[in-house]
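Okay, so here's the structure we're looking at.
The values are calculated or read from the model by the stated rules, or taken from the named source; none is laboratory data. If you're wondering where the values come from, they're calculated on a predicted model, not measured in any experiment. Reconstructed Cβ throughout: ideal geometry from the backbone, glycine too, with neighbour counts over all protein chains shown.
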Amino acid sequence: MIALIVFYLHIVGFAYGFTKEYQQEGLSAGFLNLGFMVLIFSVGWSISTFLLRYVMGEPGFGVWLDRSTFSLVLLTLGEILFYYNYYSDGPKKQ
């Protein structure tokens with residue numbers, strides 16, 4: 001269930017990233033940004049799964065938070081930090 005929520009959050013984030021870049025730069029930049037986000041997701045999930053394989057066992061913390069789900073949550077937290085900095089407009093000038 002947690003993994004499904006994380007996937008839905010990623011779909012919403014992908015739509016947001018595509019739409020924001022499409023409005024600012026155009027259609028090709030929107031698709032390029034979408035491809036970048038999918039690449040970050042797939043590589044990040046592989047790396048977080050690889051790293052967690054050495055830290056925790058397959059059962060993880062129970063039925064709802066096994067190792068695969070925990071790697072998705074870890075990936076999502078990292079992506080939140082990265083995309084917050086990536087999409088922020090920088091410091092506000094007064």
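Here's the yes/no breakdown for (1) part of a helix (DSSP H, G or I); (2) of a type in the set (D, E, K, R); (3) in contact with a Cys (Cβ under 8 Å, 6 or more places away or on another chain); (4) farther than 15 Å from Y86 by Cβ:
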{"site": "A15", "(1), (2), (3), (4)": "yes, no, no, yes"}
{"site": "V38", "(1), (2), (3), (4)": "yes, no, no, no"}
{"site": "G44", "(1), (2), (3), (4)": "yes, no, no, no"}
{"site": "W64", "(1), (2), (3), (4)": "no, no, no, yes"}
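Of all residues being surrounded by 12 or more Cβ atoms within 10 Å (Cβ to Cβ) and closer than 15 Å to Y87 by Cα in the range 18-31, which is nearest to the chain's Cα centre (by Cα)? Just the residue, please.
F18
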Problem set entry | Condition broken by A15, with the remaining ones in (1) surrounded by 13 or more Cβ atoms within 10 Å (Cβ to Cβ); (2) at negative phi satisfied | (1)
Problem set entry | Inter-residue pairs, beta-carbon under 7 Å, first over 23 Å from V12 (Cβ atoms) and in the range 38-66, second not acidic (D, E) and not in a helix (DSSP H, G or I), 6+ apart | D66/P59; D66/G60
For this session: Check L52, L9 and return the single one that is closer than 15 Å to Y83 by Cα and either at pLDDT 95 or above or touching a helix residue (DSSP H, G or I) at 6+ places or on another chain (Cβ under 7 Å) (or both).
Result: L9
